[in-house]
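Notes follow the structure.
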Amino acid sequence: MGQSFNLQGILQSFRVLASPHLMVPNIVVRDIRDISFEQLHKAGITAIAFDKDNCLTKPYGLELYPPFTDAWKRCRDIYKDQVVIVSNSAGTPDDKDNQQAHAIEQSLQVNVLRHHEKKPSGGQELLNHFGGIKAERIAFVGDRALTDVVFGNNYGMLTILTRDVVTEEGDNPMALRIRRMEHKVLAFLDRVNIKAKPHPIPIDLHAVVLQSPPAPESKEEVKADLAAEDLRKKEAKESVEREARFERSKRPSAR
Ligand SMILES: [Mg+2]
């Protein structure tokens, strides 16, 4: 069920080094509950696409994270069939017979894009899905700056970053580390005043975002993150040692 090696993603990361504003979202929210889909639609955003893992579901999950139920219903009521999920696992060639895509469509009640290129590449496949809708009229919502935000910004969509992930438990360890690094880089870019390219459609952020956007991470938060990471490593090491001791204890002793 894992996500395979994403070469395009790595190549795109080098593009971001030359143009760091590509990873800066137009809007930051805590999670999808902060988005007023009604106001977003009124502002002229006529279609919306979402990342899945840690934006709508737990990592590799097939069910909506229950606290998002009301927000997800509001989104579907307003956007109707102009909502789609763009995942880097479900609906890609990694998803055998599109089994995951079908399961998610059943459970979340929206289409999952069938696509060949992984985010941050493949924007054209999303534009084709939405037919004649211009990129600037599409919002892309996701939790990852280097995949979701770069994907949307590359094509001039409105990009919305969800900063509070559903859970780090069970997440791909590499994705987890990179996301934390992205948050630090975004905080740095904010300090040096590197902003997202202004979106062509004027949007009243106070109307669209129900709560004020989270402030960039403070030094204390970064320290707390590092301490939590150390603790996790220590616990993982202890667990491996415990298992090894248990395995040794099961072996018959040599005569
Ligand atoms: Mg995600």
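Rule-based calculations on the coordinates, nothing more; no lab input. What you are looking at is a predicted structure, and each value in this text was computed from that prediction instead of being measured. Counting neighbours? That spans all protein chains shown, and the Cβs are built from the backbone with ideal geometry, glycine included.
Of note:
- Contour excess over end-to-end distance, with Cα ends at GLU136 and THR69 and 0.36 nm allotted per residue: 21.4 nm
- Candidate lysines - alpha carbon under 16 Å from LYS118, same-chain residues fewer than 8 apart omitted: LYS52, LYS96
- Solvent-free Debye scattering, log10 I(q)/I(0), computed from the Cα coordinates of the range 3-72 at q = 0.21 Å⁻¹: -1.08
- Size of charge dipole - the range 1-113 - debye, nearest 20, with Cβ of Lys, Arg +1 and Asp, Glu -1, no other charges: 260
- When the chain is described by a simple charge dipole with +1 on each Lys and Arg Cβ and -1 on each Asp and Glu Cβ, the residue from ASN172, ALA71, ILE45 located farthest towards its positive end is ASN172.
- Span per principal axis, largest first, for the Cα atoms of the range 133-205 (Å): 37, 31, 21
- The convex hull defined by the C-alpha atoms of the range 1-143 has an orientation-averaged projected area of 8.5 nm².
- Rounded to 0.05, the FRET efficiency of the LEU62 and ARG191 pair, given R0 = 41 Å and the Cβ-Cβ distance, is 0.60.
- For the chain, the relative contact order comes to 28 percent (Cα pairs under 8 Å, sequence separation of at least 6).
- Applying the Kirkwood pairwise sum to the alpha-carbon positions of the chain produces a hydrodynamic radius of 19.4 angstrom.
- If you sort the three axes of the alpha carbon gyration tensor as a ≥ b ≥ c, you get a/c of 1.5 or more for the range 51-133 and a/b no higher than b/c, which makes it oblate.
- In the chain, the DSSP beta bridges split such that about 5 percent are antiparallel, to the nearest 5.
- Compared with the dominant principal axis of the Cα atoms in the chain, helix 99-108 is inclined by about 60°.
- Here the range 113-169 has an Rg and Dmax of 11.7, 39 Å, counting Cα atoms alone.
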